Amino acid sequence: MALAQAGQTVAVVELDLAMANIVDFLQFEPERTLHDVLSGTAPTTEALYPIDDRMHVLPSGTELAEFNAINVAALAPVIRSLRPAYDFVLLDTAAGVSPETIYPLRLADEVLIVSTPRVASIRDAKKTIELAHRVNGEVMGVVFVRAGTGRAPPPERLATFLETDLIGAVPEDETVAAAQDMSQPICLFDPDSPAATAYQEIADGLVLGDGTDDEEDDDSVLGMGGVADLQNAEEIAKSAAEADPDGMDGATKPLEGDELTTGDPDDNGFEFVKRKGE
């Protein structure tokens, strides 16, 4: 929504195919969804819904039974069909390692990591960055939401730990919950709130940084959270799970001493929770 308010046309593609929830936050009832598009029973145009003059949403279905009929490999032509019509196409992916999660990491021009500053999220963010690199995805950087909470270090230090650029940080703001209760994006509900202001700054930065070497293709596809083919995605998911059976699926391993450090024995600033006996 912040991008739309910055004058950009935006399509949001909900790729949490098994646990879709965007309709709960925006409270609209789609007749057609991305599940219908990927199963070949509806064209993309019939599953796009206007939230604003400049912002459209392509939601996933909320029924788990619909998940079995989809063909994730059909996602590439869907994204290609959206490119000419929008300045930004946002691919909102689910957590974990599966073809429907990995596939967008390579389809996207750039991958934008979104994380809270909590230790479990940082660990999963680091794994997601590694996963994006494995499939030759281009990681743009990280956005932290609910920043400034607990004992978490500043966003700049967390981005350094993740070895990626800091795109922006959204502070903890109780107005977000109020906006969700009213089924409105925070940028519409209270444009002057700290969270909305932060999102607007992030959007302005994305607009200013939207450059490309391809003179005939000046749109941007962001994967939030392109694999050559579905088989390759499945192989990568399998190898990642074998290499790290305790992680890569949203779960996190126990931390030694309940702390996450930079590896420098003199710098243990990544202590999110108290150690035993402290």
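The values are calculated or read from the model by the stated rules, or taken from the named source; none is laboratory data. This one's a predicted model, so the numbers in the text were calculated from it and none came from an experiment. Heads up, the Cβs are rebuilt from the backbone with ideal geometry, glycines too, and the neighbour counts pull from every protein chain shown. Side chains are part of the model used for accessible areas, which takes the heavy atoms of the whole protein and leaves out ligands, DNA and RNA. Shrake-Rupley method; radii C 1.70, N 1.55, O 1.52, S 1.80 Å.
Side notes on the structure shown:
- Being open to solvent by 60 Å² or more (accessible area, probe 1.4 Å), within 30 Å of residue 157 (Cβ to Cβ) and part of a helix (DSSP H, G or I) is a description that does not apply to residue 80.
- Failed item, numbered, when residue 167 is tested on (1) open to solvent by 40 Å² or more (accessible area, probe 1.4 Å); (2) over 18 Å from the mean Cα position of the chain (by Cα): (2)
- Conditions (1) in contact with a strand residue (DSSP E or B) (Cβ under 7 Å, 6 or more places away or on another chain); (2) surrounded by 20 or more Cβ atoms within 10 Å (Cβ to Cβ); number of the one not met by residue 28: (2)
- Close pairs from region 6-26: first under 13 Å from residue 63 (Cβ atoms), partner exposed (fewer than 15 other Cβ atoms within 10 Å of the Cβ), Cβ under 8 Å, at least 6 apart: 18/64; 23/29
- Qualifying positions in region 7-25 - crowded, with 17+ Cβ neighbours inside 10 Å and of a type in the set (A, V, I, L, M, F, W, C): 10, 11, 12, 13, 15, 17, 20, 22, 23
- Residue count for region 105-127, restricted to those that are closer than 21 Å to residue 2 by Cβ and not acidic (Asp, Glu): 8
- Conditions (1) over 26 Å from residue 138 (Cα atoms); (2) at pLDDT 90 or above; (3) assigned to a loop (DSSP other than H, G, I, E, B): number failed by residue 62: (2)
- Every residue from region 127-156 that is open to solvent by 40 Å² or more (accessible area, probe 1.4 Å) and out of contact with any Phe, Trp or Tyr (no Cβ under 8 Å at 6 or more places or on another chain): 130, 133, 134, 136, 138, 146, 148, 154, 156
- Residue, modelled with the lowest pLDDT, within region 31-48, restricted to residues that are within 22 Å of residue 76 (Cα to Cα) and open to solvent by 70 Å² or more (accessible area, probe 1.4 Å): 41
- Scope region 182-205; condition open to solvent by 40 Å² or more (accessible area, probe 1.4 Å), modelled with pLDDT of 95 or more and not in a helix (DSSP H, G or I); matching residues: 190, 191, 192
- Taking the listed residues 94, 73, the one that is out of contact with any Phe, Trp or Tyr (no Cβ under 7 Å at 6 or more places or on another chain) and within 30 Å of residue 189 (Cβ to Cβ) is 94, with no other qualifying.
- Output for region 96-121, where each listed residue is within 16 Å of residue 167 (Cα to Cα) and surrounded by 23 or more Cβ atoms within 10 Å (Cβ to Cβ): 111, 113, 115, 117
- Residue match in region 61-76 (condition: open to solvent by less than 10 Å² (accessible area, probe 1.4 Å) and under 25 Å from residue 26 (Cα atoms)): yes
- Residue check: residue 85 meets all listed conditions (1) more than 16 Å from residue 11 (Cα to Cα); (2) over 17 Å from the mean Cα position of the chain (by Cα) but one, namely (1).
- Condition check for residue 3: part of a loop (DSSP other than H, G, I, E, B), among the hydrophobic types (A, V, I, L, M, F, W, C) and either buried (at least 20 other Cβ atoms within 10 Å of the Cβ) or at pLDDT below 90 (or both): no
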